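To start, the structure under review is shown below, and the notes come after it.
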Amino acid sequence: MEAVAEGLWGLADYHEKEGEIAKSIKCLEAICQSHDSFLPIIEVKTRLRLATLLLKHTHNANHAKSHLERSQLLLKSIPSCFDLKCRTFSLLSQCYHLVGAIHRQKQILHKALDLAASANSDVSANLWACNFNSQLANALIIEGDCSSALSVLESGYASATQLYYPQLQMFFATSILHVHLMQWPDDNLVQSALHRCDEIWGSLSPDKTEQCLGLFFYNELLHIFYLLRVCNYKSATQHVDKLDAAMKADLQKMREIQRLSNELNAISQSLSRSDLPNRERLLLSTKQAHLQDQITSLSAFSSFLEQPLEPAYFGNASRAWQDKLFLAPPPVDGEWLPKSAVYSLVDLMVVVFGRPRGLFKECAKRIQSGIQTIQAFCSITGELAKLGINEGVREVDVQHSSIWMAGVYLILLMQLLENNVAMELTRSEFVAAQQVGGLFAGSKMTESKSVQAMCHIYAAISHFCCGDAESLAQALDLIGPVYRMKDSYVGVREEANVHFVYGLLLVRQNDYEEARTKLAKGLQIAHTSTGNLQLISQYLTILGHLALSLHDTIQAREILRSALTLAKKLYDVPTQIWVLSVLKDLYQGLGEVGNQMENDEYQKKKSDELQRKIADAQSSIHHLELIELSRFKVIDMKRGVAASQSMSANLDIPESVGLWTTQPGSSSSRLLDVDSRRRPKRR
């Protein structure tokens, strides 16, 4: 019977290579369903291969789970077979994960870890311990048990250290950093996890780092998330540039592999001709071998595939290796996110850091690139279909992991659209912003102290714009506590913005010298740490007005010209009008009639442009849709506010305070309504 089994295994392999998965499965099922008895070890190996095929090529996780549970029962009566038992535990855990049975998954993984601990501390046992610890940590994170997940990941790191395997150490180090960033228990713990990643990555030789493209992207993105959290935007930009260069290089390599593959297929088709002359066949065979060597050289993305142990399939196992960014060697293997999602995330990071600097052309290109990638994911033949999600499927029939993956792409799409809206609003393209804004809706609430501070800052700005004494008192009540706590925040965003608002209040109180000191400090923070040109231009505008109030017209002229230059670069029409209104006061005070007339003409042009854009937005079909949508959102928020108080999510606060003039055609902004009688005119 053993010979029969080997024959059916060979036939199954042949059909799998030919892409005939159904026939391959039938060959293996013939062994399991046979009336003749096979040895338990043969049935176990067959069911393992069946489960692997089902997980790799179908969405029938329940069927695969049944085969693995049967294999587990058979293996209980077999004293040895360590690797077979580990493979069964690993794949069964993955099945439980796919169907959302997290409690069962944890149970099976604890048994698997006990098995690994009972074996001798050899390479195989430690590798499987890494696999099980990785899956267990993932299950614990799903349940929100971050502290236990960190403990499990540290155990995995210890196993990788015993193996002297730096790639595996890096995998666990980055996973630990990821959990710390999610939880952020203590600044020192997060920084320690970050430094450990830097040390391990720095110890890898260049040839090893080239083989770890998935780890490279994972590590760099985690560094960017950390630097975003602490608002170190300039350092984060360097990591974004590295990611962008690596992504472009990989895309170029994939295009070259595709070109060579197409050429190889054409040669193979020619070689299949029976009437091909021998000389021509010899030449084509030589070229075929050369092309195969080239493809092999370009495809040598990782030595991981050379390992003998079969991996556990994390994510979508049916994706080809070209579409994956592997994180670790087998039997851990797997990926964090699909390559398309990671590359969309890189596009998003380029937009996030390019938009405040006014790089709108590049940002628009990246937003379009990211959206096209997501649309390809949602196409009939795209990743969504591979996950088993199509028009006719019911939610109950879709794997939990597939729903989660679809959610990842949805979040990326929303973030790209939100940044598109912010970019169009900065450029005063209100119709375009409305059109994009109508594509997504949702409310975000947070318990973050940082975000609460930013909300207080924006609320203070709103009260400040009202201008009456009561509103100014309310603005001071809001901004005072935030200002006193400015040194306690992790990043610099809150400090840069609170100095701006506090300086405005001091201006209204006619405390010009103190206001200049606060605003100058805030400008330095905004310039050195945030790189936000819109906020910088607004700082320069208020400082230019202060210089004018203090009769320093030379400095006022230089500062205001710089502010206008930045506002023009950003196509920020409201800020341009604000600067022009202050310049009008400057030219009037100096008696520069020619400059004043030119300034008035340009200010009128910009005011008309702003009014036209506002009118276009109000007459747009999207205007009424958004108003109607807002009405429903207000109703929904009132109904769900009690339930929403326990939710926690990130709130994407724009980096700019976004001050607007109240009446574009007026000679000075209401925000800077300083009594002009206190400043004598100079002729």
Any hit, region 482-494, residues being crowded, with 23+ Cβ neighbours inside 10 Å, of a type in the set (D, E), assigned to a helix (DSSP H, G or I) and in contact with a helix residue (DSSP H, G or I) (Cβ under 7 Å, 6 or more places away or on another chain): yes
Residue that is crowded, with 20+ Cβ neighbours inside 10 Å and polar (S, T, N, Q), where the choices are N120, N133: N133
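Condition check ((1) touching a Pro at 6+ places or on another chain (Cβ under 8 Å); (2) open to solvent by 20 Å² or more (accessible area, probe 1.4 Å); (3) of a type in the set (S, T, N, Q); (4) at positive phi) across all residues:
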site	(1), (2), (3), (4)
S90	yes, no, yes, no
A101	no, yes, no, no
K106	no, yes, no, no
H110	no, yes, no, no
L115	no, yes, no, no
A137	no, no, no, no
I142	no, yes, no, no
S151	no, yes, yes, no
Which listed residue is open to solvent by 10 Å² or more (accessible area, probe 1.4 Å) and outside any helix (DSSP H, G or I), from Y164, Y157: Y164
Close pairs from region 219-236: first over 13 Å from M182 (Cα atoms), partner basic (K, R) and at pLDDT below 95, Cβ under 8 Å, at least 6 apart: E220/K242; C231/R493
Filter pass, Q611 being assigned to a helix (DSSP H, G or I), free of Cβ contacts under 8 Å to residues at least 60 places away in the same chain and closer than 15 Å to L560 by Cα: no
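Name the residue, out of I78, I25, that is open to solvent by less than 70 Å² (accessible area, probe 1.4 Å) and closer than 19 Å to W9 by Cα.
The conditions single out I25.
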Tally, over region 257-283, of residues that are of a type outside the set (S, T, Y) and assigned to a loop (DSSP other than H, G, I, E, B): 4
Among residues of region 551-574, those that are in a loop (DSSP other than H, G, I, E, B) and open to solvent by 30 Å² or more (accessible area, probe 1.4 Å), counted: 3
Enumeration of residues in region 167-187 that are closer than 26 Å to L136 by Cβ and either among the β-branched types (V, I, T) or open to solvent by 50 Å² or more (accessible area, probe 1.4 Å) (or both): T174, I176, V179, M182, Q183, P185, D186
Criterion (on the phi > 0 side of the Ramachandran plot and either open to solvent by less than 50 Å² (accessible area, probe 1.4 Å) or modelled with pLDDT of 85 or more (or both)) met by exactly one of G467, G503: G467
Filtered residue count, region 1-13, keeping only those that are surrounded by 13 or more Cβ atoms within 10 Å (Cβ to Cβ), under 47 Å from the mean Cα position of the chain (by Cα) and of a type outside the set (D, E): 4
Members of region 194-211 that are part of a loop (DSSP other than H, G, I, E, B) and over 17 Å from A160 (Cα atoms): S205
Qualifying positions in region 399-423 - in contact with a Phe, Trp or Tyr (Cβ under 7 Å, 6 or more places away or on another chain) and of a type in the set (S, T, Y): Y409
From H59, H97, residue being outside any helix (DSSP H, G or I) and under 27 Å from the mean Cα position of the chain (by Cα): H59
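The values are calculated or read from the model by the stated rules, or taken from the named source; none is laboratory data. Computed from a prediction, not measured in an experiment: that's the story for all the values here. Quick reminder, even Gly has a Cβ in these numbers, built from the backbone with ideal geometry, and neighbours come from all protein chains shown. All accessible areas refer to the heavy atoms of the entire protein, side chains included, with ligands and DNA or RNA removed. Shrake-Rupley method; radii C 1.70, N 1.55, O 1.52, S 1.80 Å.
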